[in-house]
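Worksheet: one structure, shown below.
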Amino acid sequence: MTRETNQGRLAAAPRWIVICMSAYLFVDLLVLYLWSTRAQAFSIQGQPDSTSGLSVIAMAGVGLYLSATVLRGFRPGAPLRPAWMLIALAAAAEAVSGILSQILEVGRLAAQIAGGPIRLALLTAAMSIVLRTLRKFGFWVRPSATDWAVFGIVCLFALCRFAEGGASDWRSLAGLAILCVLFLEAMLLRQSVLRMGGGPIAKCWAAFACGIFLTGFAEIALWVIPHYANVLPPAIIGSLSRFPISAVFALGPAYQLLAQRRATEPPVAVVADVATRVPALAR
């Protein structure tokens, strides 16, 4: 009874996450507009990894809490339970990374490792389980030419970063190598989601795919823009990307909680085959 009550209270979580993300982006874009129109009268300099620290930590905490709640809602032996366990661990790694990054130089190295290679490796393993489960439920797709093309672009970006930084920047390079695989998984997940319809399960995995895409595009932007344009400082690029990425990843478990709540409601008659396969993924 307590679990069902908590899920009922958290049913509005997707709406509040979207509201918080929209308000955050509005404030950031307003600051960027004022900075550009005032001829850069004030400074927005700083390290991209240190921007918006508290807000990102708070949203990572929300994602961790929602993921842990989703995990408790799965029965032992459920196909997606191991995936959600890995997703919860990835959310914990992000939260720990944000906390450690605030302890100046003491926790900077550990924060980069936890929030980079470790978190991405956990997400990669989780998405691999998700794709195998979707295949069992009939939502398997093969990589298209577009998928391979985008995958090639991300791999090319990783090679450029390696050629520029060498082995000295091994933390970022390890994360980029994992991100290449994760990006390909996200492309496959996107195609599977398109076959699910518009329910909360589809929105859940669409949120994870979108979060992975935003992570890759943010990495590319943080490398390309300072090289070829000095219009935007790295701090504002990081501020415009890190919190929305964390919020989009938190939307995944929020929509999964909504699906679990609907799965516990009295069943209704359904005709379409997709309507019988998708709700099963919530259990």
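Exactly one residue among 10, 64 is surrounded by 17 or more Cβ atoms within 10 Å (Cβ to Cβ), over 23 Å from residue 242 (Cα atoms) and either at pLDDT below 80 or under 17 Å from the mean Cα position of the chain (by Cα) (or both), and that residue is 10.
Please work out if residue 278 is over 20 Å from residue 134 (Cα atoms) and either at pLDDT 80 or above or in contact with a helix residue (DSSP H, G or I) (Cβ under 6 Å, 6 or more places away or on another chain) (or both).
Details: over 20 Å from residue 134 (Cα atoms): no; either at pLDDT 80 or above or in contact with a helix residue (DSSP H, G or I) (Cβ under 6 Å, 6 or more places away or on another chain) (or both): yes.
Here the answer is no, as residue 278 does not meet what is asked.
Say whether the condition of being part of a helix (DSSP H, G or I) and either free of Cβ contacts under 8 Å to residues at least 12 places away in the same chain or within 23 Å of residue 184 (Cβ to Cβ) (or both) is met by at least one residue in the stretch 95-103.
From the stretch 95-103, those part of a helix (DSSP H, G or I) are 95-101; that's our starting set.
Adding the requirement that they be either free of Cβ contacts under 8 Å to residues at least 12 places away in the same chain or within 23 Å of residue 184 (Cβ to Cβ) (or both) leaves none.
No, every residue in the stretch 95-103 fails to be part of a helix (DSSP H, G or I) and either free of Cβ contacts under 8 Å to residues at least 12 places away in the same chain or within 23 Å of residue 184 (Cβ to Cβ) (or both).
Reported count of residues in the stretch 165-220, each being among the hydrophobic types (A, V, I, L, M, F, W, C), more than 22 Å from residue 135 (Cβ to Cβ) and at pLDDT below 80, is 4. Of all the numbered requirements in (1) surrounded by fewer than 20 Cβ atoms within 10 Å (Cβ to Cβ); (2) modelled with pLDDT under 90; (3) among the hydroxyl-bearing types (Ser, Thr, Tyr), residue 128 misses one, and that requirement is (2).
Kindly indicate which of 87, 103, 118, 57 is farther than 15 Å from residue 256 by Cα, in contact with a Gly (Cβ under 8 Å, 6 or more places away or on another chain) and β-branched (Val, Ile, Thr).
On the way: 87 fails: farther than 15 Å from residue 256 by Cα; 103 fails: in contact with a Gly (Cβ under 8 Å, 6 or more places away or on another chain); 118 fails: in contact with a Gly (Cβ under 8 Å, 6 or more places away or on another chain).
Among 87, 103, 118, 57, only 57 is farther than 15 Å from residue 256 by Cα, in contact with a Gly (Cβ under 8 Å, 6 or more places away or on another chain) and β-branched (Val, Ile, Thr).
I'd like the full set of residues that are farther than 28 Å from residue 97 by Cβ and small (Gly, Ala, Ser), limited to the stretch 110-153. If the condition is that a residue be farther than 28 Å from residue 97 by Cβ and small (Gly, Ala, Ser), then 138, 144, 145, 149, 152 are the ones that fit. If you go through the stretch 72-84 and keep only what is modelled with pLDDT of 90 or more and more than 10 Å from residue 256 (Cβ to Cβ), you end up with 81, 82, 83.
Test residue 224 against the stated conditions and say whether it is over 12 Å from the mean Cα position of the chain (by Cα), modelled with pLDDT under 90, over 18 Å from residue 16 (Cα atoms) and outside any helix (DSSP H, G or I).
Details: over 12 Å from the mean Cα position of the chain (by Cα): yes; modelled with pLDDT under 90: yes; over 18 Å from residue 16 (Cα atoms): yes; outside any helix (DSSP H, G or I): no.
Taking the combined requirement at face value, the residue does not satisfy it.
The values are calculated or read from the model by the stated rules, or taken from the named source; none is laboratory data. If you're wondering where the values come from, they're calculated on a predicted model, not measured in any experiment. Please note: Cβ atoms are built from the backbone with ideal geometry, for glycine as well, and neighbour counts cover all protein chains shown.
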